[in-house]
Amino acid sequence: MLKFALAGNPNSGKTTLFNTLTGSTAHVGNWPGVTVDKRDGLYKKLEEPVSIVDLPGIYSLSPYTPEEVVSRNFILDEKPDCVINIVDATNLERNLYLTTQIMEIDVPIVLALNMMDVVKKRGDKLDAKKLEAETGLPVIEISALKTEGVQELMERAYAAAKEKREGKTVLQKSALAHVIDDVKIALKAQEVDNPLFHAIKLIEGDELEVKMHPSETRMVEEFKKQFADDVFAGDFEAMVADARYKYICAHFARAVTRSQSADTLSKSDKADKVLTHRIWGIPIFLVILFGLFHLTFGEDLLYLNSIFGFAKDIDTGNEVLNAFIAVFYSSAGISTPGVLVFNLMGFVTDQIGSLIATGLTNVHAAAWAQGLVNDGIWAGLSGVLSFIPQIMVLFLFISILEDSGYMARVAFILDRACRKFGLSGRAIIPMIMGFGCSVPAAINTRTLADEKERILTTRVIPFFTCGAKTPILAAVCGAIAARYTNINVDLLVFALYIFGMAMAVLMVAFMRQTTMRGEVPPFIMELPAYHAPQAHNLMAHLWDKLKHYIQKAFTIIVASAIIIWFLSNFSWNWKMVGIEDSILHDIGSFVYWICTPMGFGLQLSAFGWVFVVAAVTGLIAKENVIATFYVLAPAIGMLIPEWDDGESGIGAVVALMQATGITWQGLLGFTIFNMLTLPCLAAVTTVKAETPKGKFRYTIIFWALTSYITSSLVYVMLTWWWTAFIVAAVIALVVAYFILRNKGKINLSFRKKRRSVKTE
Amino acid sequence: MEKRLSEFIPGEKGTVVRVEGEGKIRRRLFDMGVTPSAEILLRKRAPLGDPLEIYIRGYELTLRKTEAACVVMEEKNA
């Protein structure tokens with residue numbers, strides 16, 4: 001089967017063209033060894049089906065980013081039958097820069113001139129014939145959006161694939177032509193494939209090439225000496241880039257006639273004036289962000305009910321119908337889109353769940369079978385399902401912001417603030433999404449270019465207290481307030497939220513100083529023109545992002561749910577028992593002493609296992625912690641107080657405080673442990689999928705250690721106030737060490753530089 | 001008069017004379033079209049003052065002050 005590769009700049013319409021070409025046959029994975037999207041599919045409207053591979057969006061074939069290395073290796077090693085180079089006609093100069101590099105490879109190429117409709121709308125003219133003559137490549141005008149010209153493009157590509165093409169360079173008339181020829185001949189003599197491409201990369205001093213061809217490198221070095229007095233002082237990398245752009249300006253760009261000067265403001269520029277305004281930029285971002293969360297997680301649409309207070313539960317006399325109505329409208333108000341789909345999924349799973357349950361009772365299934373199906377399999381499955389619709393809504397909003405070009409501006413606005421603690425502006429989006437749910441947040445880290453930055457971000461995402469952890473905070477703080485009346489619940493919950501965020505910032509800074517050292521990645525980024533997002537593209541995005549999660553969910557997550565159900569319902573001799581006699585209880589009593597420094601271990605003597613078990617059940621979903629409290633309090637002989645509503649968990653925590661004698665410091669230790677430790681299994685599996693091979697175990701260790709040490713410190717400091725001074729002193733010492741070391745490092749590198757200047 | 005891109009004020013225009021700096025950043029600047037003789041207009045600064053937005057070769061590019069400091073410019077008298 002013939003294989004075509006799609007190459008082009010980011011934002012050139014490559015994804016749209018790929019979706020149009022491949023439709024439902026598209027398959028998304030990762031390139032081997034790197035977390036860069038690998039997408040392939042089939043085009044079936046030619047004589048024979050053709051395989052299409054979508055290369056990552058790139059600006060150049062330099063050796064510096066994984067995307068560029070992947071694309072370059074694919075074209076060189078996998079030898080596609082044709083490269084379809086998609087070129088944004090509204091931005092010809094920069095797009096053709098990549099073309100001049102691909103041209104140097106011995107591979108058939110066709111140019112797909114995209115967004116011609118926009119060019120025409122602007123009143124500009126672009127002569128495709130002229131461009132074809134200048135480049136010597138077939139040029140086809142297309143509109144990926146309106147699917148115009150796509151069939152012609154594929155036919156031309158198919159024809160081109162049948163013929164051999166030898167690499168050509170635009171540097172032929174430059175001062176470098178001579179050395180390029182020499183190196184090319186030398187490489188050809190060694191039967192190297194694509195001699196022209198390798199020769200030019202060698203001359204640029206490309207890291208990957210220099211390692212591969214040491215003898216030719218010497219030849220280039222010789223030649224460099226002759227150029228020492230040139231403007232570029234023998235700097236061939238600059239010379240090559242300059243020669244490419246000069247050639248593009250002189251030859252290709254002449255195909256364009258602009259109707260207006262560059263200084264007139266387009267619609268996009270006008271929008272940008274407001275959205276990245278010096279004063280209003282950040283407030284507007286906060287409002288958009290708040291709106292996004294409100295529409296996804298808010299139960300009271302636009303706060304209409306809080307303002308007008310009209311909502312009440314409707315009673316039709318039919319329970320199922322009542323539940324169905326509550327999906328859209330309840331005493332809390334009118335549901336926002338996110339809550340609506342969440343409720344709808346909950347309604348459906350509840351109905352199916354009760355159908356299964358009654359079915360099992362009717363056929364008189366054994367108690368263990370009923371438990372396994374209802375509380376093990378179905379609870380795990382519906383736990384997974386319940387997330388999906390809301391995640392999709394959140395993703396839809398994020399994708400709209402991403403597609404429209406606003407996300408790049410967010411990075412622009414916030415880069416300065418993020419850089420202070422070692423990240424770039426882009427990282428703020430996944431972190432903020434963490435307040436909703438860690439799963440979409442972790443998936444969103446894909447937009448980060450730098451690998452270290454991506455690992456750092458996925459590690460601290462769980463510290464942004466998600467929707468499922470909030471009930472734990474509310475229950476614990478509520479219970480503490482119920483016993484010690486002089487505490488403000490809201491303030492305490494808020495303080496814990498802030499504490500989580502502070503931990504995220506602190507840990508990023510700490511890792512940047514220790515295991516994840518390195519510069520904040522450079523921030524040289526295109527700000528694409530704003531445009532309306534395309535529904536078709538959005539849906540393709542959504543599906544790409546969710547597919548992986550759903551696959552994992554139905555295997556790992558359901559399996560673990562079953563295991564934890566088994567452990568909490570069975571004793572060692574295979575009898576079904578209450579959780580207080582279960583295997584989980586025994587494991588809990590075996591290891592609970594570890595939790596002593598955090599305030600819920602040996603202090604509680606016989607009841608130490610209670611909180612360990614609750615934390616373990618929280619691994620399936622953090623909501624389970626409260627549910628477990630409700631089961632455990634009566635199980636250890638303490639009734640839930642009557643004033644409790646059976647949902648908030650406050651009564652259950654109060655009962656547990658009375659039964660186990662846990663202190664408020666211990667409860668806070670427990671809460672902080674849950675906030676910072678391994679997130680729920682859904683999030684853990686997602687983070688694993690987004691982490692490069694071999695790094696994930698460190699992420700697990702990081703979560704375990706951070707949560708253990710931090711909650712221990714908090715417990716100890718709250719119980720014995722004077723220990724705060726010791727902790728403060730230790731932290732001060734560590735910070736001082738880092739500062740001194742960094743200063744030392746700066747001096748050292750200065751010295752090194754000076755020395756190297758002298759030797760030169 | 002020679003001047004660094006990082007010293008430009010919003011609305012100022014100029015031509016690139018040369019690009020300094022270390023391998024990766026420099027190469028990235030070249031790839032994005034910041035090469036000698038390219039015309040640059042400084043559009044604006046971000047709200048917190050740092051990344052800059054420039055107009056070059058028909059599109060908008062953002063870069064940090066530290067990166068802009070690598071670009072030596074020839075000021076254009078409007």
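Putting +1 on Lys and Arg Cβ atoms and -1 on Asp and Glu Cβ atoms, find which of A:Met717, A:Gly618, A:Ala635 reaches farthest to the positive end of the dipole of chain A. The residue sitting farthest along the positive end of the dipole is A:Met717. By the helix-only formula, in which each DSSP H run with n ≥ 4 contributes -39500 (n - 2.57) and the sum is divided by residues, the protein assembly as shown has a 222 nm mean residue ellipticity of -17000 deg cm²/dmol. Charge tally around A:Lys693: other residues with Cβ under 14 Å, Lys/Arg +1 each, Asp/Glu -1 each, net +2. Sort region A:554-723 into rounded, prolate or oblate with this rule: let a ≥ b ≥ c be the square roots of the eigenvalues of the Cα gyration tensor; rounded if a/c is under 1.5, and if a/c is not under 1.5, prolate when a/b is larger than b/c, oblate otherwise. Here region A:554-723 falls in the oblate category. Between the amide H of B:Arg18 and those of B:Val72, distances stay under 5 Å, these residues lying 5 or more places away or on another chain, with hydrogens modeled in the peptide plane. For chain A, the share of DSSP beta bridges that are antiparallel, to the nearest 5, is 45%.
Fully extending the segment from A:Ala133 to A:Glu166 would add 10.2 nm, taking 0.36 nm per residue of separation and subtracting the current Cα-Cα distance.
The charge dipole of the protein assembly as shown, taken about its Cα centre with unit charges on the Cβ atoms of Lys, Arg (+1), Asp and Glu (-1) only, comes to about 2160 debye.
With a cut-off of at most 10 other beta carbons within 10 Å, and DSSP calling the residue loop, which chymotrypsin sites (Phe, Trp or Tyr not before Pro) in region A:295-349 qualify? Please list them. Write out the running numbers ahead of the final one.
On the way: sites: A:Phe297, A:Tyr303, A:Phe308, A:Phe310, A:Phe324, A:Phe328, A:Tyr329, A:Phe342, A:Phe347; in loops: A:Phe310.
Those that pass, being in a loop and sparsely packed, are A:Phe310.
Is the shape of region A:310-421 rounded, prolate or oblate, going by the alpha carbon gyration tensor and its root eigenvalues a ≥ b ≥ c, with a/c under 1.5 for rounded and a/b larger than b/c for prolate? Because a/c hits 1.5 or more and a/b fails to exceed b/c, region A:310-421 counts as oblate. Once backbone amide H atoms are built at 1.01 Å from N, A:Phe570 has A:Val577, A:Ile583, A:Leu584 as its partners under 5 Å, excluding neighbours fewer than 5 places away on the same chain. Straight-line cross-link reach from A:Lys688 at under 18 Å between alpha-carbon atoms covers these aspartates and glutamates, not counting any fewer than eight positions away in the same chain: A:Asp37, A:Asp450, A:Glu451, A:Glu453, A:Asp544.
With θ taken as phi - 60° and the Karplus curve 6.51 cos²θ - 1.76 cosθ + 1.60 applied, the whole-hertz 3J(HN,Hα) list for region A:646-663 is x, 10, 5, x, 4, x, 4, 5, 4, 4, 5, 4, 5, 6, 9, x, 5, 7 Hz, x standing for glycine and proline. Remark on A:Arg39: its backbone amide H falls under 5 Å from those of A:Gly29, A:Asp54, a criterion applied only to residues 5 or more positions apart or on other chains, H modelled at 1.01 Å from N.
Would you tell me the mean number of C-beta atoms belonging to other protein chains that fall within 10 Å of each C-beta in B:48-57, as a whole number? Let's see the in-between values first.
Details: counts 11, 2, 8, 14, 1, 5, 1, 4, 2, 11.
Mean shielding by partner chains, rounded to a whole number: 6.
Other protein chain C-beta atoms within 10 Å of residue C-beta, averaged over B:63-69: 3. Sorted fewest first by neighbouring Cβ atoms within 10 angstrom, B:Asp50, A:Asp106 come out as A:Asp106, B:Asp50.
Using a Förster distance of 41 angstrom, determine the FRET efficiency expected from the C-beta separation of A:Val320 and A:Ala704, and round it to 0.05.
My answer for the efficiency is 0.40.
Here's the list of lysines a cross-link from A:Lys129 could span, going by alpha-carbon distance under 18 Å and ignoring same-chain residues fewer than 8 apart: A:Lys120. When the trypsin sites (Lys or Arg not before Pro) in region A:535-611 are filtered for DSSP coil states and for at most 14 other beta-carbon atoms within 10 Å of their beta-carbon, the remaining sites are A:Lys575. Within a straight-line Cα-Cα reach of under 14 Å, A:Lys146 can be paired with the following aspartates and glutamates, leaving aside sequence neighbours fewer than 8 residues apart in one chain: A:Asp117.
Given +1 on the Cβ of Lys and Arg, -1 on the Cβ of Asp and Glu, and no further charges, what dipole in debye does region B:2-75 carry about its Cα centre, rounded to the nearest 20?
On the way: 14 positive and 13 negative charges, 42 e Å.
Dipole magnitude for region B:2-75 comes out near 200 debye.
Among the trypsin sites (Lys or Arg not before Pro) in region A:126-167, which ones are in a DSSP loop with at most 16 other Cβ atoms within 10 Å of the Cβ? Mind listing them? Those that pass, being in a loop and sparsely packed, are A:Lys146, A:Lys162, A:Lys164. Positive end of the dipole of chain A (Cβ unit charges, origin at the Cα centre): among A:Leu295, A:Cys595, A:Ala326, the Cα lying farthest that way belongs to A:Cys595.
When the charge dipole of chain A is built from unit charges on Cβ atoms (+1 for Lys and Arg, -1 for Asp and Glu) and taken about the Cα centre, the candidate among A:Thr25, A:Leu187, A:Leu527 whose Cα reaches farthest toward its positive end is A:Leu187.
Relative to the Cα centre, what is the charge dipole magnitude of region A:554-723, using +1 at the beta carbon of each Lys and Arg, -1 at the beta carbon of each Asp and Glu, and rounding to the nearest 20 debye?
Values: 6 positive and 9 negative charges, 166 e Å.
The dipole magnitude comes to about 800 debye.
Seen through its C-alpha gyration tensor, with square-root eigenvalues sorted a ≥ b ≥ c, chain B comes out rounded because a/c lies under 1.5.
Counting other beta carbons within 10 Å of each residue's own, what order do A:Ile700, A:Ile279 fall into, fewest first? If you can, show how the numbers build up before the last one.
Working: A:Ile700 15, A:Ile279 8.
Ranking A:Ile700, A:Ile279 by Cβ neighbours within 10 Å, fewest first, gives A:Ile279, A:Ile700.
What is the fewest-to-most order of A:Ser589, A:Ser12 by other Cβ atoms lying within 10 Å of their Cβ?
Numbers: A:Ser589 16, A:Ser12 27.
Fewest-to-most ranking of A:Ser589, A:Ser12: A:Ser589, A:Ser12.
No value in this document is a laboratory result; all are computed from the given coordinates. Computed from a predicted structure; not experimentally measured. When we count neighbours, we look across all protein chains shown, and the Cβ atoms used for this are built from the backbone with ideal geometry, even at glycine.
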